[in-house]
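*Asks:* This is the structure I want to talk about, given as structure tokens.
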Amino acid sequence: MDHVNVLIVEDTPSESSALTAVLKANSYNIVGVATSFKTALEMFYANKIDIVVIDIFLNGNPDGISFAETINASPGASKPFVFLTSSTDRQIFERAKLTQPFSYLMKPFNELEILYALEMAVEKFYTQTDVFLGDEEDTIISKEYLFIKKGKSLKKALIADIIYIEVEEKYCNIITEKEKFVILISLTKMLKLLDGSVFLRTHRNYIVNSEKIMEIVPADNLIVLAGNHKVTLSENYKDILKKLPTLK
Amino acid sequence: MDIFVFMYSIFRKTIINSFYLVSILFGGFLYSQEQEKKSLFDIEVQNKVNQYKAYSNFKKAGMFYIENNWDSTLVYSMHHLNEAKQHVDLANYAHYFRGYSFKVKKLYQEAKKEFHLIAPEFQFDFIVKKRLGEIVIEENEFKQAIAYLEPLTKLSSENYRYLKKSEVFQNLGVCYLHLKEFDKAEQYLIENVDFNKKTKDTLGLVAAYGAIANLYYELYKDDLAIPYFEKAYQLSKHIKKTDSKRIATLNMAVVEENRKDFEKALTYRKEYEKWNDSLNDQNKIYEVAKIEKEFAVKEKQKEVSLLQAENKAKVIERNGLFYSAVVLLLLLGVTMYFYKEKIKTNRIIVAQKENLDELNATKDKLFSIVSHDLRSSVNALKTSNATLLDNLESRNLVALDGLLQNNSAIVNGAYNLLDNLLHWALLQTKQSYFEITSLRLFFIVEQVAYNYKPLMLEKNVQFENTVSKKDVVLADQESLKIVLRNLLDNAIKFSKANGSIKIYTLNTNETYCDLVVEDSGLGMSETARLELLNDTVLLSKKEHENIIGTGLGLQLCKSMIKKNKGKFSIESELGKGTKMIVSLPKTT
């Protein structure tokens, strides 16, 4: 699992350093701290960012909102973000609210509040609410990553790295080339959110990344995957063979 | 009824080569007698009218005919003819009415036209013929008149009841006289005299004598003529008709003049003049009466028009009064309405002013207390800092730690006060962002409590958050946090060392979730509790002198909870602890 990349847009050094410290302590990776609208945009496009923390007021202007509007306007590039503000001024809020999905955090804030706000922003952005707050689930699935709550912080895992997923009741074992970890998510949700053309169900308890298939042994009902992982192919799911591009 | 005037004049050359005019008047003499008894024809008309009541126009025409109202007769007979031509008998009558009316009005051409329209089968065709004869005599068409009148001499006595036989004969005689056919004239006139003698019609007799006398006089048969003239003159003395007297007297005068008996002639002349004058007088009287009548009518007309004008003026005046009254009433109504409105607004303004005054007083009080508290805080910080500096000089590091902890506590207290003050102000001006969303209570409590962990640790207060992660309420996140912050702050403030604070939820109600902040602290009296819950009193008295408090925090809590459509209550026991209960609507 990897650290989540955060971009901080904040013009007050004391506040940005405090924020950086808190996030680092919770194993977030701070990609950079931008102090203006321009540098923020540069940093945003130059790095792989997962979440942006934006102070609404940059040098006295509500440039933070403009920044959020700008990244929201570029399709595919937009990312979850959280507004920071010390003002509850209604007019500012009304404008900020237009940048959906809208999450904000009032200054001053404590560690719990910022972590909570980041999790909320991710939930809202991927429209999978009540994942991190409840007890039933701990993972949000985007196109590219799994965002997994580990303790107080968030981790991510590249979906393309997954070799297969083994379901055990309400847990899912994620097996990648490098590691193996357990997440809390239902199988149905998993199947719904993963790309159906890539991840195939081979058994009641297995979901396989078709890219990682090395060999299929129908006689033994066996699929051999990268890293020499072996997965059962049950009779009920043999249909998937037709979907796979096979050499003849 | 039969007003038939025929002027007959003859010119006779006398021996003395001078012209004398002898005028003889025929007709008119029947008038008085006819007036007395209705003519038979009129009765006949009356019968017709009664018989055909349905023809209203005919009825009216007939009635007007009987009443001698010629203009109206013309109008209604015309209406009748336009409406009901097909009834030949009635049409004949109608044409007769019209012809006769025109004749009376001396419109002879029109009259003749109408008479000719009458069918020959008409029961009273002979009367029509007589009328036509009279008309042509008026036009001096004597031959034609004879053609009309001659057949009438052979009428049955039954038909003669409807017209004067003497008139027919007289007229025929006169016609022949004009045509110089003296034989025939003599025959008719003598017959006429006889007839009049028989009927004892004095007036007719005078005319008849006059006519026959003139005939003989014309024939120079003076011996025969003069006795007739004299007879006529004698008879005329007994009648009242001035015209007849006048003509008879004039005739006598002319006769005597021709006989050269000037003395007698002069007497007759004078008598003639007398009758002439009386006639003239009568005429003058008529004229004067007529003028007087016209004048009177004019006067009346003037009076009437004056009254009309007066009436008009009165009506205008009355209308004017009415309208102005209406306008005034309207104005009054409008004024009353606005006056009432003004009173209403005034009352509202007064109430608002009182309210504002009260609020302002509260604000002033709040202001003084807040500044007093802040002043004490800053003062404490100042003295503490002075001690801090002293200790720093003497390198007493152990004391430094304690002092800094103290300072931080003071600053925290002051910060919380300022924060509440800010939120209070924002709430009053409604400038703050407020959005009710679904919130998980557990995390909100965790986040708020996080800030107080060091404080509780220091005071050695046990803290427990047993709110379920499943408790979801509808509230505005920031205001809920402010409420919790204040409640927790109070709980810590009033907790004794080694006490405990618990936050948990009660799900006894279906629509509301009760969040309880419970401490094992000082508690409060019932009066204090009620005072805290009271809406109108902003500031509570300080029960615990050494603890900073304005009551602003709780007041803010109450307002925020109200804005979140929640409820607030306190349960407390002096010395044992307090439960602050916030009820918020559950997310459905």
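The values are calculated or read from the model by the stated rules, or taken from the named source; none is laboratory data. Predicted model, so just to flag it, every value in this text is computed and none were measured. So basically every Cβ, Gly included, is an ideal-geometry build from the backbone, and we count neighbours across all protein chains shown.
*Asks:* Counting only residues that are at pLDDT 90 or above and assigned to a helix (DSSP H, G or I), which one in the range A:149-191 is farthest from A:Asp2 (Cα to Cα)?
*Replies:* Per the criteria, the residue is A:Ala160.
*Asks:* Follow-up question, since we're still on this one. Look at B:Val411 and say whether it is at the interface with chain A (Cβ under 10 Å from one of its Cβ atoms), part of a helix (DSSP H, G or I) and either surrounded by 13 or more Cβ atoms within 10 Å (Cβ to Cβ) or of a type in the set (Asp, Glu) (or both).
*Replies:* It is false that B:Val411 is at the interface with chain A (Cβ under 10 Å from one of its Cβ atoms), part of a helix (DSSP H, G or I) and either surrounded by 13 or more Cβ atoms within 10 Å (Cβ to Cβ) or of a type in the set (Asp, Glu) (or both).
*Asks:* How about the range A:216-235: which of its residues are at pLDDT below 85 and closer than 21 Å to A:Val167 by Cα?
*Replies:* A:Glu235
*Asks:* Quick one: in the range A:87-102, of everything that is exposed (fewer than 14 other Cβ atoms within 10 Å of the Cβ) and more than 9 Å from chain B (Cβ to nearest Cβ), which residue is farthest from A:Ala117 (Cα to Cα)?
*Replies:* By that ranking, first place goes to A:Leu98.
*Asks:* Turning to a different aspect of this structure: Right, A:Asp135: surrounded by fewer than 18 Cβ atoms within 10 Å (Cβ to Cβ), of a type outside the set (Phe, Trp, Tyr), within 14 Å of another protein chain (Cβ to nearest Cβ) and under 18 Å from the mean Cα position of the chain (by Cα) or not?
*Replies:* no
*Asks:* Identify the single condition in (1) in contact with a helix residue (DSSP H, G or I) (Cβ under 7 Å, 6 or more places away or on another chain); (2) part of a helix (DSSP H, G or I) that B:Lys53 does not satisfy, given that it satisfies every other one.
*Replies:* Of (1) in contact with a helix residue (DSSP H, G or I) (Cβ under 7 Å, 6 or more places away or on another chain); (2) part of a helix (DSSP H, G or I), only one is false for B:Lys53: (2).
*Asks:* Out of B:Tyr93, B:Tyr162, B:Tyr100, which single residue is surrounded by fewer than 21 Cβ atoms within 10 Å (Cβ to Cβ) and touching a residue at least 24 places away in the same chain (Cβ under 8 Å)?
*Replies:* B:Tyr162 is the lone residue from the list that is surrounded by fewer than 21 Cβ atoms within 10 Å (Cβ to Cβ) and touching a residue at least 24 places away in the same chain (Cβ under 8 Å).
*Asks:* In the range A:196-212, is there at least one residue being outside the structural domain of A:Asn29 (by TED's automatic domain parsing) and touching a residue at least 60 places away in the same chain (Cβ under 8 Å)?
*Replies:* Scanning the range A:196-212 turns up no residue that is outside the structural domain of A:Asn29 (by TED's automatic domain parsing) and touching a residue at least 60 places away in the same chain (Cβ under 8 Å).
*Asks:* Got a sec? Which of A:Lys212, A:Lys189 is more than 21 Å from the chain's Cα centre (by Cα) and either within 21 Å of A:Val122 (Cβ to Cβ) or not hydroxyl-bearing (Ser, Thr, Tyr) (or both)?
*Replies:* Within the list A:Lys212, A:Lys189, the selection yields A:Lys212.
*Asks:* Give me the pairs, please: first residue somewhere in the range B:418-444 and on the phi > 0 side of the Ramachandran plot, second residue anywhere and not in a strand (DSSP E or B), beta-carbon distance under 9 Å, and either six or more positions apart or on two chains.
*Replies:* Short answer, once both residue conditions are applied: B:Lys430/A:Arg90.
*Asks:* Right, next: Among the numbered conditions (1) more than 18 Å from the chain's Cα centre (by Cα); (2) away from every other protein chain (no Cβ under 13 Å), tell me where A:Ala157 comes up short.
*Replies:* Of (1) more than 18 Å from the chain's Cα centre (by Cα); (2) away from every other protein chain (no Cβ under 13 Å), only one is false for A:Ala157: (1).
Yes/no per residue for (1) surrounded by fewer than 11 Cβ atoms within 10 Å (Cβ to Cβ); (2) aliphatic (A, V, I, L, M); (3) in a helix (DSSP H, G or I):
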position: B:Lys298; (1), (2), (3): yes, no, yes
position: B:Val315; (1), (2), (3): yes, yes, yes
position: B:Arg318; (1), (2), (3): yes, no, yes
position: B:Ile343; (1), (2), (3): yes, yes, yes
position: B:Arg347; (1), (2), (3): yes, no, yes
position: B:Ser368; (1), (2), (3): yes, no, yes
position: B:His372; (1), (2), (3): no, no, yes
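*Asks:* Please tell me if A:Leu118 is away from every other protein chain (no Cβ under 11 Å), among the hydrophobic types (A, V, I, L, M, F, W, C) and part of a helix (DSSP H, G or I).
*Replies:* Criteria met by A:Leu118.
*Asks:* Return the residue satisfying two criteria in turn: it lies in the range A:57-77 and is in contact (Cβ under 8 Å) with a residue 40 or more places away in the chain and closer than 30 Å to A:Ala157 by Cα, and of such residues it is farthest from the other protein chains (Cβ to nearest Cβ).
*Replies:* The residue in question is A:Phe67.
*Asks:* Filter the range A:88-103 for residues that are part of a loop (DSSP other than H, G, I, E, B) and under 15 Å from B:Asp476 (Cβ atoms); which is modelled with the lowest pLDDT?
*Replies:* A:Thr88
*Asks:* How many residues does the range B:213-242 hold that are in a helix (DSSP H, G or I) and surrounded by fewer than 16 Cβ atoms within 10 Å (Cβ to Cβ)?
*Replies:* Selection size over the range B:213-242: 6.
*Asks:* Another question about this same structure. Take B:Val473 and tell me if it is in contact (Cβ under 8 Å) with a residue 40 or more places away in the chain, within 21 Å of A:Glu111 (Cβ to Cβ) and more than 9 Å from every other protein chain (Cβ to nearest Cβ).
*Replies:* The answer is no for B:Val473.
*Asks:* Same structure again: Quick one: A:Lys150 ticks every box in (1) in contact (Cβ under 8 Å) with a residue 24 or more places away in the chain; (2) within 14 Å of chain B (Cβ to nearest Cβ); (3) out of contact with any Leu (no Cβ under 8 Å at 6 or more places or on another chain) except a single one, so which number is it?
*Replies:* Looking at each condition in turn, A:Lys150 falls short on (2).
*Asks:* Quick one: count up the residues across the range A:121-132 that are charged (D, E, K, R) and either more than 10 Å from every other protein chain (Cβ to nearest Cβ) or surrounded by 17 or more Cβ atoms within 10 Å (Cβ to Cβ) (or both).
*Replies:* The total comes to 2.
*Asks:* Further, regarding this structure: Give the residue, chosen from B:Val445, B:Val467, B:Val483, that is within 13 Å of another protein chain (Cβ to nearest Cβ) and in a helix (DSSP H, G or I).
*Replies:* The conditions single out B:Val445.
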